[in-house]
Structure formats: C-alpha cells, structure tokens
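Asker: Have a look at the structure that comes next, please.
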C-alpha cells in the first residue's frame with residue numbers, strides 16, 4: 001500500500017518534506033499544500049531554521065573526521081615510528097577480534113544524530129518567547145476566522161457589556177487592563193474571548209449588526225502603536241489612528257492607553273470604523 005501524504009497532519013506533512021523543499025525536489029502534486037502550510041503564522045521560519053540545523057550537523061560531522069596523513073602527523077608528535085607501528089598492529093588485532101566494538105560505535109553515532117533531530121523538533125513545537133508578535137498579520141487572520149465561525153470561537157457569548165468587562169478583567173495573566181467599547185448605533189456586543197498566541201495575549205470583543213450577518217471586532221493588546229508599520233495617520237475628532245487593509249478586512253489602530261493598542265477590524269471603510277470607535281469610546 002503506497003504512502004498517502006493527505007493522511008498525515010499538517011505539522012508532520014511539513015516536517016516530512018522539508019528536505020525535498022529545500023533541495024528543489026518537492027513533487028508538484030503536494031507543492032500547493034506545502035506552500036500553503038508555510039504561510040500560516042509561525043511556520044514561515046521553519047525551512048530556514050531546518051537548513052541552518054542541517055548545515056550545523058554536517059559541519060559538526062566533518063569536524064570529527066581526520067585524514068590519514070593528519071592522524072600520522074599527530075602520532076608522530078607524540079611517539080616514535082616503532083611504537084606507533086606496534087600500537088597500530090595491536091589496534092588492528094583488537095578490531096578484528098571484536099566486531100561488537102564497531103557495532104556500539106555505530107549506535108553511538110546514530111544516537112547523536114537522533115538527539116540533534118529531537119532538539120530540532122523541540123525547537124519547532126516548544127514555545128519560543130523570542131518570536132515576534134505580528135499584530136496586523138495575526139489579528140487580520142483572527143478576524144476573518146471569527147467572521148466565518150462567529151459562535152464557535154467565543155469563550156463567553158453574551159450581549160451584556162458588564163459581563164464582558166468582568167470576564168476580561170478577571171482573565172489570568174492578561175497583563176493589561178482591557179477596554180470595552182460601549183454599544184453603538186446598529187451594533188450590539190455578541191461576546192468575548194482571549195486569543196492566546198503565547199508570545200502575546202489579545203482581548204477580543206465581537207459585535208454584530210442588527211438584521212445582518214456583518215461583524216466587527218475590537219482587539220486590545222499590550223504594545224505601542226509606533227511598533228506597527230507606518231501608514232498615513234488619520235485624525236477624527238481627536239482620535240489619531242493608522243489605517244491598514246488586506247484582501248478581506250480593513251483595520252484601524254490607535255493607542256488606547258499608554259501600554260495598550262486597540263484595533264477595530266471589519267469590512268467597513270477606515271473612516272467608518274474610526275467614526276464607530278469615537279462614538280463608542
């Protein structure tokens with residue numbers, strides 16, 4: 001029975017074909033899925049790290065190898081030729097007597113390679129706090145995912161602002177005081193959740209428009225507006241914001257408090273989102 005790549009998980013799929021991808025030998029029929037996996041958050045750095053680790057392993061193995069003339073030179077520094085010949089003969093005899101020594105040596109080398117591979121897997125799957133948080137990429141994706149599954153991604157489904165505020169205020173390890181926007185004309189809260197990216201926690205409040213499937217999302221995270229890519233700033237009645245967009249949603253970002261940034265994300269235009277943010281503050 002042949003191997004079917006579609007039966008393995010995304011993580012195993014990426015790891016299984018990293019070598020072929022880096023060597024340019026990735027089969028055409030699996031290339032679209034592989035490239036799609038690398039676009040997901042946190043996956044794009046895996047090929048570069050694997051290439052570095054593979055290069056280090058090759059260099060480490062090369063550094064353990066000595067040419068015969070180099071061995072002879074080292075031996076000549078420490079002992080006379082007659083003694084060297086006697087020891088080489090004794091060593092040859094010992095190897096001939098016991099093939100088990102070579103067997104254990106091979107096991108040791110394989111064990112070292114396995115340890116390197118396990119370390120590589122640990123690097124991928126153990127959280128790395130040095131990874132950079134990319135709010136525009138992550139939260140744009142989060143908004144689209146919540147738009148497609150508005151109920152399944154909420155930890156607390158409620159229309160009560162007080163319950164939402166209490167939930168976020170008591171959330172363990174949030175690291176900042178989340179702000180909740182007031183209900184505004186035509187839009188009502190539908191619930192809240194906290195997106196935990198391990199490198200950052202993001203408070204999310206979802207709003208829905210009456211008699212419509214349209215959604216808006218208010219994100220809070222600990223950070224500084226100056227860390228985002230520069231864009232032409234807007235100013236609506238004192239709300240200074242920066243506007244961004246991707247293929248699915250528009251985003252406005254503003255410094256809500258000294259250590260917290262707010263995002264308003266939806267399919268409305270940037271000025272409309274700013275108008276809602278001003279009215280709901």
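The values are calculated or read from the model by the stated rules, or taken from the named source; none is laboratory data. For clarity, every value in this text was computed on a predicted model and none was experimentally measured. Positions of Cβ are backbone-derived with ideal geometry, glycine not excepted, and every protein chain shown enters the neighbour counts.
Asker: Kindly provide the set of residues from the stretch 182-204 that are in contact (Cβ under 8 Å) with a residue 40 or more places away in the chain, over 18 Å from the mean Cα position of the chain (by Cα) and outside any strand (DSSP E or B), ordered by number.
Answerer: Within the stretch 182-204, 182, 183, 185 meet the criteria.
Asker: Regarding the stretch 161-169, can at least one residue be identified that is in contact with a helix residue (DSSP H, G or I) (Cβ under 9 Å, 6 or more places away or on another chain) and over 15 Å from residue 136 (Cβ atoms)?
Answerer: First pass over the stretch 161-169, keeping only residues in contact with a helix residue (DSSP H, G or I) (Cβ under 9 Å, 6 or more places away or on another chain): none.
So far as the stretch 161-169 goes, no, none of its residues is in contact with a helix residue (DSSP H, G or I) (Cβ under 9 Å, 6 or more places away or on another chain) and over 15 Å from residue 136 (Cβ atoms).
Asker: Which one of these is over 45 Å from the mean Cα position of the chain (by Cα), modelled with pLDDT of 75 or more and more than 30 Å from residue 9 (Cβ to Cβ): 90, 82, 96, 76?
Answerer: Just one listed residue meets the conditions, 90.
Asker: Regarding residue 173, is this residue free of Cβ contacts under 8 Å to residues at least 60 places away in the same chain, under 21 Å from the mean Cα position of the chain (by Cα), more than 19 Å from residue 141 (Cβ to Cβ) and not in a strand (DSSP E or B)?
Answerer: For residue 173, the condition - free of Cβ contacts under 8 Å to residues at least 60 places away in the same chain, under 21 Å from the mean Cα position of the chain (by Cα), more than 19 Å from residue 141 (Cβ to Cβ) and not in a strand (DSSP E or B) - is met.
Asker: Would you point out the residue of the stretch 146-158, among those that are at pLDDT below 90 and surrounded by fewer than 16 Cβ atoms within 10 Å (Cβ to Cβ), that is farthest from the chain's Cα centre (by Cα)?
Answerer: In this case the residue turns out to be 151.
Asker: Quick one: count up the residues across the stretch 254-281 that are without any contact (Cβ under 8 Å) to a residue 24 or more places away in the chain and closer than 23 Å to residue 175 by Cβ.
Answerer: Selection size over the stretch 254-281: 1.
For (1) modelled with pLDDT under 75; (2) touching a strand residue (DSSP E or B) at 6+ places or on another chain (Cβ under 8 Å); (3) closer than 24 Å to residue 199 by Cα; (4) loosely packed, with under 11 Cβ neighbours inside 10 Å, each residue gets a yes or a no:
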residue: 43; (1), (2), (3), (4): yes, no, yes, no
residue: 64; (1), (2), (3), (4): yes, no, no, yes
residue: 118; (1), (2), (3), (4): no, no, yes, yes
residue: 131; (1), (2), (3), (4): yes, no, yes, no
residue: 136; (1), (2), (3), (4): no, yes, yes, no
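Asker: For the stretch 196-212, give me the residue count where each residue is under 23 Å from residue 268 (Cα atoms) and touching a strand residue (DSSP E or B) at 6+ places or on another chain (Cβ under 9 Å).
Answerer: Of the residues in the stretch 196-212, 9 are under 23 Å from residue 268 (Cα atoms) and touching a strand residue (DSSP E or B) at 6+ places or on another chain (Cβ under 9 Å).
Asker: Give me the residue from the stretch 21-35 that is in contact with a helix residue (DSSP H, G or I) (Cβ under 9 Å, 6 or more places away or on another chain), without any contact (Cβ under 8 Å) to a residue 24 or more places away in the chain and in a helix (DSSP H, G or I) and, out of that set, surrounded by the most Cβ atoms within 10 Å (Cβ to Cβ).
Answerer: Going through the stretch 21-35, the residues in contact with a helix residue (DSSP H, G or I) (Cβ under 9 Å, 6 or more places away or on another chain) turn out to be 21-22, 25-27, 29-31, 33-35.
With the extra rule that they be without any contact (Cβ under 8 Å) to a residue 24 or more places away in the chain, the set shrinks to 25-27, 29, 31, 34-35.
Pick out the ones that are also in a helix (DSSP H, G or I) and you get 31, 34-35.
Details: 31: 13, 34: 20, 35: 11.
Checking each candidate, the answer is 34.
Asker: Which residues, taken from the stretch 183-195, are in contact with a strand residue (DSSP E or B) (Cβ under 9 Å, 6 or more places away or on another chain) and modelled with pLDDT under 90?
Answerer: Scanning the stretch 183-195 gives 183, 184, 186, 187, 188.
Asker: Consider residue 231 against the criteria (1) within 24 Å of residue 133 (Cβ to Cβ); (2) more than 24 Å from the chain's Cα centre (by Cα); (3) in a strand (DSSP E or B): it satisfies all of them except one. Which criterion is unmet?
Answerer: (3)
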